[in-house]
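The values are calculated or read from the model by the stated rules, or taken from the named source; none is laboratory data. Owing to the predicted nature of the structure, the values given are computational and were not obtained by experimental measurement. All Cβ positions, glycine included, derive from the backbone under ideal geometry; neighbour counts span all protein chains shown.
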Amino acid sequence: MHVPTGSRRWTHFNSALQLAIQRSTHKWTFEDFTECFPLYVEEEKNGPSAVFNAISGHMESQMHADLEELFAKYGVQKNIDILHAIVTEAKERSRQNETRNDIWRENLDPHNAVSARSVPILQSEAQRIRELVAEVFLLYSNLQASSPSTPDTGFRGLGHVDSKTDTLIVKIELTAPLSKSGSTTTSGGAKEATRKHHKKATSKNTIRSDITLEVELWQDKTALRSRKGDTGSVLWKASVDFAQIILQQLYFGNAGDRPILLDAERLKSSHVLELGAGTGLLSILLSPFVKHYTATDIEALVPLIRKNISNNNVDHIHANLPPSIKAAVHLHPSNISVQTLDWLDLHALTSPTLRTKYTSAVSPEPVDLLLIVDCIYNPSLLPALVSAIDTLAVPEQTVVLVIVELRAEDVVRDFLALWLAVDSWVIRRMEGFLEGPYAVWTGVKTR
């Protein structure tokens, strides 16, 4: 049996169990075997000893396997290692003459020792939850104040762009920074191409060359109504609004009063994986700025995403990139991959090993940016979504970016509470990036 490394207390505990297994299996001797099968032993002179050894070995290996399964199911080693850390820390405090309930002594009540250590942690977590509830309440209060005519139903509505048409022309309007008349902000063909877009005279001495990006998207309006749980078959406003701000920053770097959300230089070497990619709009618009873009969704939506990617010429869409940026980006769809990733299927896998195997098949390379845009709407999917986030995230590497349209307050609150409840996550809200009925959270897994 493989013995994983751990604390000294775990090593002693595990060794004692191995010894107990060996002794219990060896208690069944050959004499016991002979007593159970006397006729067989009498007639077969050479076979019985081999059969006895095989049975004994099987009994021992099966007990080891059952023990491994129990250890994994109940996190035995982790809990014993925690206990060892508590006792070790308490002994150290005792040597330093500290006066606390968990100071080590021979008659120390284990309950008191654990409580003294865990209660402050629970109090800290309770404070985080209180702050979270207050933050969500403030978000919805501000939203209500900005829309006084909207009835207080607790639910904003859906937010799709147009669910009644098979195709959409999505236009992203980007505002170029002002430049002096006659100055060269672009060069050669790029300058001529820019003139074909919105060249506006803002004053006698300044001009502004705005850019419009156009994407033609196919939707599956029938699936939205007929396929249970399928909301990604049509385009949602959150994706368009998010793309507008991000592309404004990536094209021109100017963000006004908004914080810069994504570092353009870091993106060039990053693998971005999007959960719930829907129609694939963001993969088409953002893939040129990253090393690799993986768009994922349920199996039924994968053909739609692939169709939209193949039907849109990325080079044509981004024809008016500033030359300094154009030289360093991927103006072809070869850096986009489309994969099936069903959160419910992943969540149903109880073993961490099986979950990792599932996500490795979806994305063999580690994820640098995990993008989740407008996926917080169905309460029954929240545990599976949080499970997918936690499984895909690489500690100290993956940045999780969640854009939420503020619909039902309780759903947003439940999602954040579930995410906070997962060990080793640092989560914070990005203020001032996306206006309107949206909130943005980022998260990093620390270990």
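Summed over the stretch 10-43, the residues that are polar (S, T, N, Q) and at pLDDT below 80 give a count of 3.
Per-residue answers, yes or no, for (1) farther than 13 Å from VAL373 by Cα; (2) at pLDDT below 90:
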{"position": "ASP241", "(1), (2)": "no, no"}
{"position": "LEU247", "(1), (2)": "yes, no"}
{"position": "LEU250", "(1), (2)": "yes, yes"}
{"position": "GLY253", "(1), (2)": "yes, yes"}
{"position": "PRO259", "(1), (2)": "yes, yes"}
{"position": "ASP263", "(1), (2)": "yes, yes"}
{"position": "LEU273", "(1), (2)": "no, no"}
{"position": "GLY276", "(1), (2)": "no, no"}
{"position": "GLY280", "(1), (2)": "no, no"}
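Kindly establish whether ARG413 is surrounded by fewer than 17 Cβ atoms within 10 Å (Cβ to Cβ) and over 13 Å from the mean Cα position of the chain (by Cα). The answer is no for ARG413.
Under the condition of being assigned to a helix (DSSP H, G or I) and more than 20 Å from PHE30 (Cα to Cα), the residues counted in the stretch 55-86 number 22. Filtered by the rule that a residue be modelled with pLDDT under 90 and β-branched (Val, Ile, Thr), the stretch 343-372 gives THR350, THR353, THR356.
Note on the stretch 277-294: among residues that are within 18 Å of ASP241 (Cβ to Cβ) and in a loop (DSSP other than H, G, I, E, B), the one that is farthest from the chain's Cα centre (by Cα) is THR279. Screening ALA238 on (1) in contact with a helix residue (DSSP H, G or I) (Cβ under 9 Å, 6 or more places away or on another chain); (2) closer than 25 Å to PRO437 by Cα; (3) in contact (Cβ under 8 Å) with a residue 40 or more places away in the chain; (4) small (Gly, Ala, Ser) shows it passes everything except condition (1). If you check THR350, THR359 for being among the hydroxyl-bearing types (Ser, Thr, Tyr), in the same structural domain as ALA238 (by TED's automatic domain parsing) and not in a helix (DSSP H, G or I), only one passes: THR350. Scanning the stretch 324-335 turns up no residue that is crowded, with 24+ Cβ neighbours inside 10 Å and touching a Ser or Thr at 6+ places or on another chain (Cβ under 8 Å).
Of note, ALA300 satisfies the criterion of being in a helix (DSSP H, G or I) and closer than 23 Å to VAL386 by Cα.
Do we find that ALA65 is over 18 Å from LEU19 (Cα atoms) and modelled with pLDDT of 80 or more in this structure? Here the answer is no, as ALA65 does not meet what is asked. Looking across ILE389, ILE403, one residue alone is at pLDDT 90 or above and over 10 Å from the mean Cα position of the chain (by Cα). It is ILE403. Being closer than 18 Å to GLN249 by Cα, of a type in the set (Lys, Arg) and assigned by TED's automatic domain parsing to the domain that holds LEU401 is a property that does not hold for LYS307. For the stretch 23-64, a tally of residues being surrounded by 11 or more Cβ atoms within 10 Å (Cβ to Cβ) and either under 52 Å from the mean Cα position of the chain (by Cα) or closer than 27 Å to PRO352 by Cα (or both) returns 17.
On the given criteria, is LEU370 of a type outside the set (Gly, Ala, Ser), under 24 Å from VAL411 (Cα atoms) and outside any helix (DSSP H, G or I)? So LEU370 passes the test.
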